[in-house]
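K.L.:
I'd like to ask you about the structure that follows.
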Amino acid sequence: SPAIMYSIYRDTDAKYVLFTTKNGLVKKTSLDEYVSTKKKTGIGAITLREGDSLASVSLIKDESIVIITAGGYMLKCNSSDISATSRMTSGVKGINLGKDDCVVAALPIRDAKDELAIFSEHGFGKKLAPTEMMTQKRGGKGIICFKGSDKLAAAALVSDGDMVLICGDRSSICIDAKEIPQLGRATTG
């Protein structure tokens, strides 16, 4: 799994670390459990089940989160519905995945006006309005957010003043968030 690095000082009022795995588990642990222990050899952060790996790590307060899958599903839930557990636990079901599906992103929603920008492996992209992201209970299947034979590869929460850097295997592009079309959930982009 890829390494994830985060500056705590960018989120000084964060209370928790939220881990999301490729297989749809979520785990919320008090940030103090990591900050208060200073070992040069490092400390355990999460117990991963066999065949699983990290998809996302975020610092949160108790805002809503949206989980996006490669198969084109999203689930928005309240992070307050996820009980805080100790460091070396594996978490609880965040989203119920279909066959051969996996989590590609889990994003804390810090501004209720932000749109969800999603991008597929073959370069298709679109934005979803905040009203398209209805709050559900954690552990459900979620709702469709992308229709097509392509798999979703990445997602970000954006506003019109943002620039979005999209990096592929061989090239990258920086575009204005305003240029990404806002479309309905059951479209490709």
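K.L.:
I need the full set of residues from the stretch 85-97 which are surrounded by fewer than 20 Cβ atoms within 10 Å (Cβ to Cβ) and β-branched (Val, Ile, Thr), in order please.
P.N.:
THR85, THR89, VAL92
K.L.:
Out of curiosity, is ASP100 open to solvent by 70 Å² or more (accessible area, probe 1.4 Å) and in a loop (DSSP other than H, G, I, E, B)?
P.N.:
For ASP100, the condition - open to solvent by 70 Å² or more (accessible area, probe 1.4 Å) and in a loop (DSSP other than H, G, I, E, B) - is met.
K.L.:
Would it be correct to say that ILE67 is among the β-branched types (Val, Ile, Thr), in contact (Cβ under 8 Å) with a residue 24 or more places away in the chain and assigned to a strand (DSSP E or B)?
P.N.:
Here the answer is yes, as ILE67 does meet what is asked.
K.L.:
Let me ask another. Please report, ordered by residue number, the strands (runs of 3 or more DSSP E) entirely within the stretch 108-166 with at least 1 residues that are open to solvent by 50 Å² or more (accessible area, probe 1.4 Å).
P.N.:
Once the strands (runs of 3 or more DSSP E) in the stretch 108-166 are filtered for at least 1 residues that are open to solvent by 50 Å² or more (accessible area, probe 1.4 Å), what remains is 152-158.
K.L.:
Which condition breaks for SER56 when tested against (1) in a strand (DSSP E or B); (2) touching a residue at least 60 places away in the same chain (Cβ under 8 Å); (3) not aromatic (Phe, Trp, Tyr)?
P.N.:
(2)
K.L.:
Okay, moving on. Would you point out which residue out of ASP169, ASP150, ASP160 is under 19 Å from LYS99 (Cα atoms) and free of Cβ contacts under 8 Å to residues at least 40 places away in the same chain?
P.N.:
ASP150
K.L.:
If ARG87 meets every condition in (1) basic (Lys, Arg); (2) modelled with pLDDT under 90; (3) assigned to a strand (DSSP E or B) apart from one, which number is that one?
P.N.:
Of everything listed in (1) basic (Lys, Arg); (2) modelled with pLDDT under 90; (3) assigned to a strand (DSSP E or B), ARG87 misses just condition (3).
K.L.:
Would you confirm, using the coordinates I've provided, whether THR131 is in contact with a Lys or Arg (Cβ under 6 Å, 6 or more places away or on another chain), polar (S, T, N, Q) and modelled with pLDDT under 95?
P.N.:
No; evaluated as a whole, the condition is false for this residue.
K.L.:
Condition (residue is of a type in the set (Gly, Ala, Ser), touching a residue at least 40 places away in the same chain (Cβ under 8 Å) and surrounded by fewer than 20 Cβ atoms within 10 Å (Cβ to Cβ)) applied to the stretch 72-82: is it met by at least one residue?
P.N.:
no
The values are calculated or read from the model by the stated rules, or taken from the named source; none is laboratory data. All values reported here derive from a predicted model rather than from experimental measurement. Cβ atoms come from the backbone with ideal geometry, glycine included; neighbour counts cover every protein chain shown. These accessible areas exclude ligands, DNA and RNA; they are computed on the full protein's heavy atoms, side chains included. Shrake-Rupley method; radii C 1.70, N 1.55, O 1.52, S 1.80 Å.
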